[in-house]
Amino acid sequence: MNLRSIPLGLIGILLGVGGMIAYSLRPDWLWAVTIAEGAALLSLVLFFVLHFETVKAFSGRRSTKMGLNSALMILLFSGILVIVNFLASRHSVRWDLSENQNFTLAPQTHRVLRTLPREVKITVFTREKDPGYQAFKERLESYRQASTKLSVEFIDPEKEPKMAQNYGIFRTDTAIFESDGQTIRVTSPSEVELTGALIRISKDSKKRIVFVEGHSELSVEDKERNGLSIAKEALIRQGYDVGTVSLLKESAVPDNTSVLVLAGPRRSVLKDEQDRIRAYVEKGGHLLVLADPDTQTGLESLLAHWGLGLGPGVLVDLQDRLAQGDLTALLVRTFTEHEITQDLTSAVLFPLSRHVTFDEEVGKDWDFVPLARTSPNSWAETNMQGRVVSLSEKEDVKGPLPMAAALAPKQAPKEGEPRPAIAVIGNSTFVSNAFFNFPGNSDFFLHTMGWLAEERDLISIAPREPALHPFTPNPTQERTLIYIQVVFLPLLTLLTGIIVWRKRRRL
């Protein structure tokens, strides 16, 4: 037996087809598929080399020449289809043509997917007729293509009731995230919920956010307009553990506290409590202070230790404020470049705010960054009796003024030691249930929490919901729109009509 007697052409074809089938069934066996395809190529090359004269004679026939062009075109077209399908199966490309980019993942979500530490299995219990089926399918397909560590399976609970019973499924449109023995269930296909579940399931421990109570602060359990229950739910979705503490009952801030929050105290914080807060920060803790105007917080001495202060009066802004709203309902659009503000795109609504001050001499070891400022056409009104709207050079403080600031030590701590951080915002109402869902408010709060908790992957993990964001004009923009719609456009229409009428009359 010699090489000519071996059906190399048939073997090459069989190996090539077999390799393609094997890859479609077991793409993880890439090494075996590569060997099969390489052997197929070698067999076909040997076949043409050993039978070159036969092939040459066959191609010289008249009938072969007649059909050679058609055969070559068919082979070429088939080869292109095979190559395109092979590349598409390994490198899928999708375009999101929806109006609001519903299925385009946020950059923050991509960062979370790229840094997943372990495999995550997602099981979605839904039916094709259920309202959430298509949204789950489209969005999770985007997640799966962005990370090889995700596996997604859809199960119809009616067809597989035993499986649904094992998972404790009592309603459809429910996704179960599983990883390393942990289980999280999600009932909404929104990017916020899905990404939040990925963050929580991929972390071995949760950072704890603790709200101080005992001074008539806003409560995380209160579901009324002035409560913080919505903010608490948002923090939990971000992978945090949320709790409360009374520093009157505790001798120190709990050791597992990642961020300590003073959410709008209405009564004075006692000196013993302030000493505990100060000791917590000096040990590398992170503090967030939300202080409203016209409140006796007693925090002046505590904040003055770091050079911080709470300015007098109520901020008034004739430019950056809510149209048709009170002069004190500020619509902040001016932000300083900082990790907290790097992804902010929407204005933040601060109702009834005060400004933050900083003494550079006292805080010379600290880096003070004003996060948000009022416009130049603003001031701190120290006398709101009679709703005065004019600036008094003697009594009031001329803007622009910072209403939120971040403070961090200029010198980096020693390796292994925590770095303290403080954020002060001259308003607490913006994070309440009544205003939390206003465009920009939730982003600003969650960004601040992410910076304080040193969660770099959560600083701007606020993926947008597929909803339209309303345009909120300030007073100047509102007057401009009124002039255009009520005066300019009707006059333009009238003038156009008169010109057309005069031209037709001359005909």
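The values are calculated or read from the model by the stated rules, or taken from the named source; none is laboratory data. Computed from a predicted model, the values in this text were never measured in an experiment. Because the Cβ atoms are built from the backbone with ideal geometry, glycine has one as well, and the counts that use them run over all protein chains shown.
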Review point. Do we find a residue being among the small types (Gly, Ala, Ser) and free of Cβ contacts under 8 Å to residues at least 40 places away in the same chain anywhere in region 235-244?
Key: yes
Review point. Of everything in region 96-114 that's surrounded by 13 or more Cβ atoms within 10 Å (Cβ to Cβ) and in a helix (DSSP H, G or I), which residue is modelled with the highest pLDDT?
Key: LEU113
Point to revise | Total residues in region 230-261, condition more than 16 Å from ARG208 (Cβ to Cβ) and modelled with pLDDT of 95 or more | key: 0
Review point. Among the residues of region 351-358, is there at least one that is under 21 Å from HIS447 (Cβ atoms), in the same structural domain as PHE444 (by TED's automatic domain parsing) and at pLDDT below 90?
Key: yes
Practice item. Spot the failing condition for LYS129; the list is (1) crowded, with 16+ Cβ neighbours inside 10 Å; (2) more than 22 Å from the chain's Cα centre (by Cα), and only one is missed. Key: (1)
Check your understanding: Has region 424-444 got at least one residue that is over 25 Å from the mean Cα position of the chain (by Cα), surrounded by fewer than 19 Cβ atoms within 10 Å (Cβ to Cβ), part of a loop (DSSP other than H, G, I, E, B) and modelled with pLDDT of 85 or more?
Key -> no
Review point. Can you tell which of LEU262, LEU270, LEU248 is within 15 Å of HIS286 (Cα to Cα) and in contact (Cβ under 8 Å) with a residue 12 or more places away in the chain?
Key: LEU262
Check your understanding: On the given criteria, is ARG237 outside the structural domain of GLU417 (by TED's automatic domain parsing), more than 25 Å from PRO409 (Cα to Cα) and in contact with a helix residue (DSSP H, G or I) (Cβ under 9 Å, 6 or more places away or on another chain)?
Key -> no
Check your understanding: In region 364-379, which residues are part of a strand (DSSP E or B) and either among the hydrophobic types (A, V, I, L, M, F, W, C) or farther than 17 Å from PRO312 by Cβ (or both)?
Key -> TRP366, ASP367, PHE368, VAL369, PRO370, LEU371, ALA372, ARG373, TRP379
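If you check SER179, SER190, which single one turns out to be touching a Ser or Thr at 6+ places or on another chain (Cβ under 7 Å), crowded, with 17+ Cβ neighbours inside 10 Å and closer than 24 Å to PRO117 by Cα?
Working: SER190 fails: touching a Ser or Thr at 6+ places or on another chain (Cβ under 7 Å).
Criteria check complete, one pass: SER179.
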